[in-house]
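Everything on this sheet refers to the single structure shown next.
The values are calculated or read from the model by the stated rules, or taken from the named source; none is laboratory data. A quick note: this is a predicted structure, and the numbers were derived from the prediction, not measured. No Cβ is skipped: glycine too gets one built from the backbone with ideal geometry, and neighbour counts run over all protein chains shown. We work out accessible area using only protein heavy atoms, side chains counted, and drop any ligands, DNA or RNA first. Shrake-Rupley method; radii C 1.70, N 1.55, O 1.52, S 1.80 Å.
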Amino acid sequence: MTDTQQLGERAQAMIDALATISADEGKLTRLYLSGEHKRAANLVGEWMRRAGLAVRMDAAATMHGLLPAGRDGPRSGKRLLIGSHIDTVVDAGKYDGNLGVIAGIIAVDELRARGVALPFELEVLAFGDEEGVRYPKTMISSSTIAGTVEANVLELTDAQGMTMRAALAEFGADPSHLTAEAYDPADVIGYLEVHIEQGPVLDQAGEALAVVSAIAGQTRFRASVRGEAGHAGTVPMAIRHDALAGAAEMISLIEAVGRRGAKASLVATVGEIRARPGASNVIPGLVEFSIDVRAADDATRNAAAAEIRQGAQQIAVRRGLVFGMETVHENGVAVAAPRLKRAIAGAITDVTGKTPRELMSGAGHDGQAMTKLTDIGMIFVRSRAGISHSPLEFTSAADMGLAVAALMRTIERIAGENA
Ligand SMILES: [Zn+2]
C-alpha cells in the first residue's frame, strides 16, 4: 500500500467513527452544543491527544489541538491554523466539515511522526457551529476566534427556547469568555481548510483536488408582497391584487437576473415561500419568500440585488401590491490569499502530478469568518455527483488520502517560505 492509500484508509476509519455519533439512529444529525456534539468533540480531543497535540476547548466549544514549533528550526512564534467543523445539518452526509478536521489531525500527526521540524506552531481547530442549524446564525465558532463575534449571540434561542448561553454552560464551555477568545492577527500565519467540493465540477472533470479561489459572497433577503385577499369565485380578475401571482412574476425576474450573471458566478434562488391565508378558494393576500443571491465578487452581487429590488418594485406597482425586501444575512466575498493558493497548487501538483484548477466555492465555509483574522487557503476534494447535505454525500478513501497528502505538502511548502 502506498503512503497516500494509508492516509486515505486512516481518514476513512475516522470519518466512519465520527459518523456513528448522531442524534438520530440510522441518519446523521449533529447540532451545535448537543449531546452528540459533545461526544464528537470528546472523540476529536482524544484523537488530537494521540497525535501528540496539547488539547483545549474554548468558550465557543471549539476543540483546539496545538503542536509546538520544531525544537531545532528557526522559530517565528507564530501559528498556522488548520480547521473545519464537526456540526452537521439534519440527515447529513459524513464528509462535510468532518473531513477537514480529520485531515488536519492526520496531517499534523504524520508530520510529527516523520520528525518534520516546522518553524511555526500548528493548530488544528474543530469548530462546532458552521451550519447554523440550531441558532439563527452561522460560523459562531470561527467568528469567536476571528474576534468578530458579539456578546449578544449568547441570547439567541433555539427552537426549544434555550439560549446559547445556557447551552454553552451545559456543554461545559464558559460563555463569559466568548469575546475574550479572539486571536491576535500578528500571531497567525494563515488558515487552511480541506473541504469536500459539494459541487459536481471535479467529479465531471475526473480530478480529485482543486484550489479554492474564493468563497462566494452571499446576501439573504426576506421579501414580502402584500395584496388583497378575496373570494376566489366572486372577485373579477381585472380588479384583483393577487399577492402570489405578483410573487410568481418576481420569482421569474429573480431567476432571469441570476441566469444573466452566470459569467460572474452569479446565482439567485427563491427557496422558500408562504402564501396567506393559504386556502385553495381564497385569493392570496400576503406572500413571504426568501431570496438568496451569491456571486464571485461583491459588486456583481450588489448590482443583482439592486436590480431584483427595483424590478420587483415595478411589478408590485403595476399590480397594486406593496413590496418589501429586508436583508437578513450578508457576507462579502472571501478571497483566498495568493501565497496560500500558490502553496496549495504546488502541493497538489506534488501529490497528483497535475496542475490543479481553481474553483470558487458557492457554499459558505468557516474561512469566510477567518478572513477577518488572517489569510485563508482551501483545498477542495471531489464529491461524487456533487451531492452534499445528504446521506448520499460520498468522497472516496483514495481522494481523502490525496487531500491529506496535499495538506501535508502545503504545510511543508509554507514552512519552506517561512524558514
Ligand atoms: Zn461544511
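List pairs: first residue in the range 116-142 and within 15 Å of G65 (Cβ to Cβ) and within 15 Å of the ligand (Cβ to nearest atom), second residue open to solvent by 10 Å² or more (accessible area, probe 1.4 Å) and modelled with pLDDT of 95 or more anywhere in the structure, Cβ distance under 6 angstrom, at least six positions apart or on different chains.
A126/M63
Let me spell it out: the conditions are (1) among the polar types (S, T, N, Q); (2) touching an Asp or Glu at 6+ places or on another chain (Cβ under 8 Å); (3) part of a helix (DSSP H, G or I), and T4 meets all of them except one. Which number is the exception?
For T4, the exception is condition (2).
Under 9 Å by Cβ, and 6 or more places apart or on different chains, what pairs join a residue from the range 308-321 that is part of a helix (DSSP H, G or I) with one that is of a type in the set (K, R) and open to solvent by less than 80 Å² (accessible area, probe 1.4 Å)?
The qualifying pairs are R319/R240.
Can you say whether V211 is touching an Asp or Glu at 6+ places or on another chain (Cβ under 6 Å) and closer than 30 Å to T355 by Cβ, as far as the supplied structure shows?
It is true that V211 is touching an Asp or Glu at 6+ places or on another chain (Cβ under 6 Å) and closer than 30 Å to T355 by Cβ.
Of all the residues that make up the range 288-319, how many are open to solvent by 40 Å² or more (accessible area, probe 1.4 Å) and over 16 Å from the mean Cα position of the chain (by Cα)?
15
Restricting to the range 206-234, name every residue that is of a type in the set (A, V, I, L, M, F, W, C) and open to solvent by 40 Å² or more (accessible area, probe 1.4 Å).
Once the filter is applied, which keeps residues that are of a type in the set (A, V, I, L, M, F, W, C) and open to solvent by 40 Å² or more (accessible area, probe 1.4 Å), the range 206-234 yields A229, A232.
A54 fails exactly one of the following numbered conditions: (1) in contact with a strand residue (DSSP E or B) (Cβ under 8 Å, 6 or more places away or on another chain); (2) touching a residue at least 24 places away in the same chain (Cβ under 8 Å). What is the number of that condition?
Only one criterion in (1) in contact with a strand residue (DSSP E or B) (Cβ under 8 Å, 6 or more places away or on another chain); (2) touching a residue at least 24 places away in the same chain (Cβ under 8 Å) is unmet by A54, namely (2).
Within the range 329-419, considering only helices (runs of 4 or more DSSP H) that don't extend past its boundaries, which have at least 1 residues that are open to solvent by 40 Å² or more (accessible area, probe 1.4 Å)?
Filter on the range 329-419 gives 338-352, 397-418.
For the range 71-90, give me each residue that is of a type in the set (D, E, K, R) and either within 13 Å of the ligand (Cβ to nearest atom) or at pLDDT below 95 (or both).
R71, D72, R75, K78, D87 - these are the residues of the range 71-90 that are of a type in the set (D, E, K, R) and either within 13 Å of the ligand (Cβ to nearest atom) or at pLDDT below 95 (or both).
Among the listed residues D184, D174, which satisfies the condition of being more than 16 Å from the ligand (Cβ to nearest atom), on the phi < 0 side of the Ramachandran plot and free of Cβ contacts under 8 Å to residues at least 40 places away in the same chain?
It is D184.
Within the range 263-281, how many residues are closer than 20 Å to G233 by Cα and either touching a helix residue (DSSP H, G or I) at 6+ places or on another chain (Cβ under 8 Å) or surrounded by 15 or more Cβ atoms within 10 Å (Cβ to Cβ) (or both)?
2
Yes or no, residue by residue, for (1) open to solvent by 20 Å² or more (accessible area, probe 1.4 Å); (2) of a type in the set (D, E, K, R):
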{"residue": "V101", "(1), (2)": "no, no"}
{"residue": "L118", "(1), (2)": "no, no"}
{"residue": "R134", "(1), (2)": "yes, yes"}
{"residue": "I140", "(1), (2)": "no, no"}
{"residue": "A146", "(1), (2)": "no, no"}
{"residue": "E155", "(1), (2)": "yes, yes"}
{"residue": "G161", "(1), (2)": "yes, no"}
{"residue": "Y183", "(1), (2)": "yes, no"}
{"residue": "G190", "(1), (2)": "no, no"}
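I'd like to know if the range 35-48 contains one or more residues that are open to solvent by 10 Å² or more (accessible area, probe 1.4 Å) and under 21 Å from the mean Cα position of the chain (by Cα).
Yes, the range 35-48 contains at least one residue that is open to solvent by 10 Å² or more (accessible area, probe 1.4 Å) and under 21 Å from the mean Cα position of the chain (by Cα).
Across the range 320-340, what is the number of residues that are under 27 Å from the mean Cα position of the chain (by Cα) and closer than 19 Å to V293 by Cα?
Matching residues across the range 320-340 total 11.
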